[in-house]
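Asker: Let me give you the structure first, and then I'll get to my questions.
The values are calculated or read from the model by the stated rules, or taken from the named source; none is laboratory data. Small disclaimer: the values here were computed from a predicted structure and weren't measured. Note: ideal-geometry Cβ built from the backbone for every residue, glycine included; neighbour counts use all protein chains shown. Calculation scope for accessible area: heavy atoms of the full protein, side chains included, ligands and nucleic acids excluded. Shrake-Rupley method; radii C 1.70, N 1.55, O 1.52, S 1.80 Å.
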Amino acid sequence: MNIIVCIKRVPDTADADLAIDRSGRDIEKTGLAFDLNEWDSYAIEEAILLKERFGGTVTVLSMGGEDTNESLRKCLAMGADEAIRLTDPAFSGSDGFATAKVLAQAIRRLPYDLILTGTQAEDDGFGEVGVMVARLLGLSHVAIVTRVEMEDGKIRAHRELEGGLEEVVEVKLPALLTIQTGINEPRYVSIMGIRKVAKKEIKVWGLSDLGLKEEEVGLKGSDIGLERLFLPLVGEGAQILEGKPEEVAAKVFEILKDKGGLV
Amino acid sequence: MEEFIKGGAFLIESISPEKIFTPEEFSEEQRLIAQAATEFVTGEVQPVMEEIEAQKEGLLPSLVKKAGELGLLSGDIEEEYGGQGLDKVSALLLMEKLSQGGGSFMVAYAVHTGIGSLPIIFFGNKEQKRRYLPKIATGEMITAYALTEPEAGSDALNAKTIATLSPDGKYYILNGQKQFISNAGFADLFVTYAKVDGEKFTSFIVERNFEGVSLDEEENKMGMKGSSTRSVIFTDAKVPVENVLGEVGKGHIVAFNTLNIGRFKLGGGCLGSSKSALQDAVSYAKQRVQFGKPIAEFGLIKHKIAEMAIRTFTMESMVYRTAGMIDQILKRIDPHAEDVGMQMANGIEEYAIEDSINKVYSSEMLDFIVDEALQIHGGYGYIHDYAIERGYRDSRINRIWEGTNEINRLLIMDMLTKRAMKNRLPLLPVAQRLAGELLSLRPTVDSDDEALTLQKEMVEMAKKITLLAAGAAVQRYMMKLAEEQEILGWLSDMVIEIFAMESALLRAKKTMDRFGDERAEIQKAMVKVYVNDAFNRIENFAKQIFSAISEGDTLRTQLSALKKLTRFNPVNTVSLRRQIANHVIKVGRYPF
């Protein structure tokens with residue numbers, strides 16, 4: 001079974017204070033560390049687990065600059081077989097739809113039975129690229145997948161719904177799944193793995209390699225224009241509670257009781 | 001042949017930024033190795049920190065073995081013996097990142113992959129390497145290093161442990177006691193030392209289950225409480241003659257070379273711990289509100305955060321510069337040579353001075369950093385629930401082991417003197433020339449600029465001052481200088497500060513040259529503050545040295561020359577520190 005996984009390299013903003021850059025449409029990224037999008041690390045792990053059980057290959061795709069090689073190589077070190085980076089000055093400014101067009105066009109050039117993506121990206125969080133890739137390729141898709149079972153060329157995918165509900169759907173291959181965190185436990189990268197793929201070529205495909213036109217991608221090919229990014233204003237009336245967790249819990253309890261939040 | 005910079009040469013040469021390795025140049029592979037190590041400690045070690053600290057039976061060795069499965073233990077072991085054969089920059093990255101798993105895990109890892117196994121890698125014969133290294137690589141066998149004895153600490157060669165050849169010539173019978181042995185409780189293998197026939201200091205590989213090897217109780221330590229520290233007792237211990245490491249009577253070569261690389265690696269460990277403490281302190285300062293705002297917004301807290309970040313930066317610049325130099329010299333070695341290990345040890349010995357410098361500097365800076373990190377936590381820092389309480393205790397041992405900082409300070413000057421005498425380093429002619437030019441020497445730059453011209457000039461002047469002071473001390477005491485430990489200590493401090501200033505300066509310049517001013521902005525600010533302060537310390541050391549060794553007209557001449565050499569305008573460190581602190585607070589961690 002040939003599996004394609006689409007990944008994204010994103011900034012790690014856990015400890016940082018975010019600031020808006022001069023363009024007003026992006027955050028300031030200097031000093032931030034970048035890593036594989038968390039959802040994608042589950043997608044790549046799921047692909048490798050399926051390969052280990054059923055054979056085949058895993059190919060990783062990502063649209064991004066040279067820095068993205070590090071995340072692609074990490075996937076290779078985990079056990080993926082091939083990595084392709086999609087890059088072109090014309091891709092810059094792509095929204096989810098334009099990105100999906102680039103990815104779909106690359107996927108058309110590859111053999112595949114199954115495509116996995118993360119459910120969403122940590123940075124912009126639209127959660128749309130995977131599903132759009134499926135529609136562009138005319139494939140069935142299942143979103144927010146928490147468990148994958150395979151039999152007779154069919155996939156039984158478990159979906160997470162609101163309120164703790166779970167849904168099980170069956171789809172025929174080829175198909176696309178967007179993978180939810182927690183579906184597996186992404187493996188640690190070993191030094192042996194890193195050494196093994198240190199010299200492996202990461203293919204680079206640009207606009208002309210993909211047979212795309214400039215107006216189809218980038219800002220021109222995008223439907224959504226980002227107008228302005230801003231930090232929400234700090235509201236009034238917030239109360240910061242301090243102390244040990246148990247003390248804070250006790251204070252919260254008192255406040256809720258006072259304000260009639262507990263019946 | 002690859003070119004290399006001689007050990008200690010930084011004192012007399014003006015080195016260009018292109019010649020040094022900086023962390024901005026980590027390769028993709030090195031960055032992935034670093035990330036693999038970080039993910040392992042955050043996923044496997046940090047969540048069980050409390051249990052490690054309580055010495056939960058079997059936990060620490062099982063984590064070491066898990067690290068082994070991922071290849072994290074075998075960076076320094078050649079591929080032929082199941083290792084990864086990584087360069088020293090990568091090996092140091094592993095050490096740095098794995099030390100974020102806390103002091104106790106760091107000890108187990110550092111001893112096993114460092115002083116516990118490097119003697120075999122460097123000095124083991126093929127049979128010894130074949131027998132032990134593959135198991136050390138996976139963690140199936142965990143190692144320890146048993147040198148110290150109750151009566152032989154800094155004076156290591158004064159060991160009382162005796163080895164006697166058995167009547168059938170098959171065994172050495174060891175008797176004696178080794179003390180404060182890290183990893184002892186779960187080690188399968190000890191590299192130890194004993195005197196054959198009471199005089200020939202010799203290294204041995206001793207397996208835990210050899211007859212006559214026993215352990216004393218766990219020591220109740222101040223820090224690193226999760227690590228195992230016990231005495232190892234040899235009572236007619238039977239060690240096969242094949243387990244002599246190196247040659248009989250040449251144990252000191254094994255011992256000292258092992259310590260060189262142990263000191264080098266300790267720098268990486270202190271660096272990782274410093275970054276953890278800084279991150280902890282910054283995160284606390286951002287969320288702790290007093291007088292209506294986060295304490296990170298107060299000047300005195302910013303001052304601390306900036307100082308912690310600056311010293312972490314200098315430390316990082318020094319240790320990776322050294323790693324880069326070692327890699328450069330090791331490239332000259334034929335990996336298939338019969339005595340490849342010995343050649344590696346010799347290559348590393350070239351930088352024994354830098355190793356001692358890094359050891360002293362990084363352990364003292366870590367102590368400063370954990371102290372300030374705790375202070376930022378206020379009363380909470382004194383409470384066990386906060387990680388910095390452990391970090392503070394764990395830090396302290398680093399100034400003691402791998403040769404106390406006092407011994408290392410003496411060693412720095414001892415090695416420099418010996419290399420000067422043997423003309424390995426032309427220190428004497430340079431010092432003599434400077435003494436001749438004493439009256440005409442003066443700085444030619446006095447205004448600060450964005451190209452760090454002033455700082456470069458100050459570093460050059462600091463080298464001259466140090467050589468003048470050293471030259472004057474040699475002239476005054478001649479062969480008896482070794483008895484003037486206070487003078488040697490100050491001279492060492494000057495040498496250490498020069499390496500620190502210069503490493504930071506060259507790194508910032510390289511960042512500027514390669515990536516432009518914007519990316520170098522914070523590094524430049526750090527260099528300006530550090531050089532400003534370190535230069536004042538150097539001036540003060542020089543004053544004290546001259547006042548101790550000279551009097552009358554000689555002293556007056558020396559002090560007036562010093563005054564001229566130190567005529568620099570200070571920079572505005574308040575605004576620079578605020579700029580640095582604001583950036584560190586914004587990114588929430590060590591910023592590079």
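Asker: Leaving out ligands, DNA and RNA but keeping every protein chain, what accessible area does B:Y193 have, in Å² rounded to the nearest 10, with a 1.4 Å probe?
Answerer: For B:Y193, solvent-accessible area is about 0 Å².
Asker: What accessible surface, in Å², does a 1.4 Å probe find on B:D216, ignoring ligands, DNA and RNA and rounding to the nearest 10?
Answerer: Rounded to the nearest 10, that gives 70 Å².
Asker: Using the Cβ atoms and a cut-off under 10 Å, what net charge is assigned to the surroundings of B:F568, where Lys and Arg are +1 and Asp and Glu are -1?
Answerer: Values: positive: B:R567; negative: B:D446, B:D448, B:E457, B:E539.
That works out to -3.
Asker: Still on this structure, I have one more. Can you give the helix-only mean residue ellipticity at 222 nm for chain A, where every DSSP H stretch with n ≥ 4 adds -39500 (n - 2.57) and the sum goes over all residues, rounded to the nearest 500 deg cm²/dmol?
Answerer: One gets -8500 deg cm²/dmol as the mean residue ellipticity at 222 nm.
Asker: Nearest 10 degrees is fine. How inclined is helix A:38-54 to the longest principal axis of chain A, computing both from alpha carbons?
Answerer: It works out to around 40 degrees.
Asker: May I ask for the distance between the Cα centers of the stretch B:326-373 and the stretch B:392-446, given as a whole number of Å?
Answerer: 17
Asker: For each pair in B:K359/B:K564; B:K56/B:K265; A:K220/B:K510; B:K195/B:K221; B:K129/B:K195, compute the distance between the two Cα atoms and list the pairs where it is over 31 Å.
Answerer: The answer is B:K359/B:K564; A:K220/B:K510.
Asker: With respect to the cross-link table entries A:K74/A:K200; B:K456/B:K524; B:K88/B:K456, which display a Cα-Cα separation exceeding 18 Å?
Answerer: Cα-Cα > 18 Å for B:K88/B:K456; rest within.
Asker: Using the Karplus curve 6.51 cos²θ - 1.76 cosθ + 1.60 with θ = phi - 60°, what ³J(HN,Hα) values do you get for each residue of the stretch B:514-529, in whole Hz, with x for Gly and Pro?
Answerer: Karplus-based 3J(HN,Hα) across the stretch B:514-529 equals 8, 10, x, 5, 4, 5, 8, 3, 5, 4, 5, 4, 5, 4, 4, 5 Hz.
Asker: Report D for the stretch A:2-216 in µm² per second (integer): Stokes-Einstein, Kirkwood Rh on Cα pairs, 4 °C, 1.567 mPa s.
Answerer: 73
Asker: Over the protein assembly as shown, what is the percentage of antiparallel beta bridges among all DSSP beta bridges, to the nearest 5?
Answerer: So the antiparallel bridges amount to about 60 percent of the total.
Asker: As a test of the formula, what do you get for chain B when each DSSP H run with n ≥ 4 contributes -39,500 (n - 2.57) and the sum is divided by the residue count, at 222 nm and rounded to the nearest 500 deg cm²/dmol?
Answerer: My calculation for chain B gives -18500 deg cm²/dmol from helical runs alone.
Asker: Counting only other chains, what is the mean number of Cβ atoms within 10 angstrom of the Cβ of each residue in peptide A:29-41?
Answerer: Whole-number average of other-chain Cβ neighbours for A:29-41 is 2.
Asker: Right, next: At a 1.4 Å probe, what is the % contribution of carbon and sulfur to the accessible area of the stretch A:2-216?
Answerer: 44
Asker: Read phi for every residue in the stretch B:126-143 and hand back ³J(HN,Hα) as whole Hz from Karplus 6.51 cos²θ - 1.76 cosθ + 1.60, θ = phi - 60°, with x for Gly and Pro.
Answerer: 4, 5, 5, 5, 5, 6, 9, 4, x, 6, 5, 4, 8, x, 4, 10, 9, 10
Asker: Something else: Where does helix B:88-98 land angle-wise versus the long Cα axis of chain B, in degrees 0 to 90, nearest 10?
Answerer: Helix B:88-98 and the main axis of chain B meet at about 80 degrees.
Asker: Taking the Cα centre of chain A as origin, sum charge times position over the Cβ atoms of Lys and Arg (+1) and Asp and Glu (-1), and report the length of that vector in debye to the nearest 20. Please list the in-between numbers first.
Answerer: Numbers: 32 positive and 46 negative charges, 202 e Å.
Its charge dipole is roughly 980 debye.
Asker: Please give the net charge around B:A184, taking every other residue with its beta carbon less than 14 angstrom from that of B:A184, where Lys and Arg add +1 and Asp and Glu add -1.
Answerer: Its environment carries a net charge of -3.
Asker: Using each residue's phi in the stretch B:179-189, evaluate 6.51 cos²θ - 1.76 cosθ + 1.60 at θ = phi - 60° and report the 3J(HN,Hα) Karplus result to the nearest Hz, with x for Gly and Pro.
Answerer: Computed from phi, the couplings for the stretch B:179-189 are 10, 6, 8, 5, 6, 3, x, 10, 6, 9, 8 Hz.
Asker: Check which residues have an amide H placed less than 5 Å from B:L165's amide H, if you skip close sequence neighbours.
Answerer: B:I173, B:D197
Asker: Sticking with the crude label model, points 7 Å out along Cα→Cβ, report the distance from A:A198 to B:E406 in nm, one decimal please.
Answerer: 4.3
Asker: Oh, and also: Mind listing the long-range amide H neighbours of A:W205? Cut-off is under 5 Å, sequence gap 5 or more, other chains count too, H placed in the peptide plane at 1.01 Å from N.
Answerer: A:R85, A:L86, A:T87
Asker: Follow-up. Would you mind counting up the charge near A:V169? Only other residues with Cβ under 15 Å from its Cβ, with Lys and Arg at +1 and Asp and Glu at -1. Numbers along the way, then the final one.
Answerer: Numbers: positive: A:R147, A:K154, A:R156, A:R159, A:K172; negative: A:E149, A:E151, A:E160, A:E166, A:E167, A:E170.
That works out to -1.
Asker: Determine the dipole magnitude for the stretch A:81-132: charges of +1 sit on the beta-carbon of Lys and Arg, -1 on that of Asp and Glu, nothing else is charged, the reference point is the Cα centre, and the result goes in debye to the nearest 20. Intermediate results must be reported in sequence, preceding the final value.
Answerer: Working: 4 positive and 9 negative charges, 60 e Å.
So the magnitude is around 280 debye.
Asker: I'd like the orientation of helix B:251-287 relative to chain B: the angle between its Cα long axis and the longest Cα principal axis, in ° from 0 to 90, rounded to 10.
Answerer: 60
Asker: Nearest 0.05, what FRET efficiency do B:K170 and B:Q544 give at R0 = 60 Å with Cβ-Cβ as r?
Answerer: Efficiency, from the Cβ-Cβ distance: 0.55.
Asker: Cα convex hull of the stretch B:162-259: mean projected area in nm², to one decimal?
Answerer: 6.4
Asker: Just grab the label-to-label distance for B:V574 and B:E338, each label 7 Å out from Cα along the Cβ direction, in nm (one decimal).
Answerer: Roughly 6.9 nm, to one decimal.
Asker: For chain B, what relative contact order do you get, as a whole percent, if you take Cα pairs closer than 8 Å and at least 6 residues apart?
Answerer: Relative contact order, chain B: 15 percent.
Asker: Also: Can you tell which of B:A36, B:F26, B:P119 lies farthest toward the positive end of the dipole of the stretch B:23-142, using +1 and -1 charges on the Cβ of basic and acidic side chains (Lys, Arg; Asp, Glu)?
Answerer: B:P119
Asker: Average partner chain C-beta neighbours within 10 Å, per residue of A:9-17?
Answerer: On the way: counts 0, 0, 0, 2, 2, 2, 8, 6, 7.
The shielding value for this peptide is 3.
Asker: Next question. When only the heavy atoms of the protein chains count and the probe is 1.4 Å, how do A:E82, B:E211, A:E236 rank by accessible area, highest first? Could you put the intermediate results ahead of the total?
Answerer: Details: A:E82 65, B:E211 125, A:E236 180 Å².
Sorted by accessible area, descending: A:E236, B:E211, A:E82.
Asker: For a quick check: with amide H placed at 1.01 Å from N, whose amide H comes under 5 Å from A:V142's, ignoring anything fewer than 5 positions away on the same chain?
Answerer: A:L176, A:L177, A:T178
Asker: While we're on this one: Send over the Kirkwood Rh of the stretch B:426-575, from the inverse of the averaged 1/r over different Cα pairs, rounded to one decimal Å.
Answerer: By the Kirkwood definition, the hydrodynamic radius is 16.2 Å.
Asker: If one computes the Cα centroid of the stretch A:14-90 and of the stretch A:96-110, what distance in Å separates the two points?
Answerer: For the stretch A:14-90 versus the stretch A:96-110, the Cα centre distance is 16 Å.
Asker: Oh, and also: For B:R393, A:R147, write out the residues from largest to smallest accessible area, computed with a 1.4 angstrom probe and no ligands counted.
Answerer: Descending accessible area places them as A:R147, B:R393.
Asker: Then there's this: Rounded to the nearest Å, what's the spacing between the alpha carbon centres of the stretch B:474-493 and the stretch B:532-592? Just the number, please.
Answerer: Comparing the Cα centres of the stretch B:474-493 and the stretch B:532-592, I get a distance of 22 Å.
Asker: With an 8 Å cut-off on Cα pairs and a minimum separation of 6 or more residues, tell me the relative contact order of the stretch B:1-153 in percent.
Answerer: 24
Asker: Turning to a different aspect of this structure: Which FRET efficiency, nearest 0.05, do B:S447 and B:S560 yield, Cβ-Cβ r, R0 22 Å?
Answerer: 0.40
Asker: To the nearest whole percent, what portion of all C-alpha pairs in the protein assembly as shown is separated by more than 48 angstrom?
Answerer: When all Cα pairs of the protein assembly as shown are counted, 29 percent exceed 48 Å.
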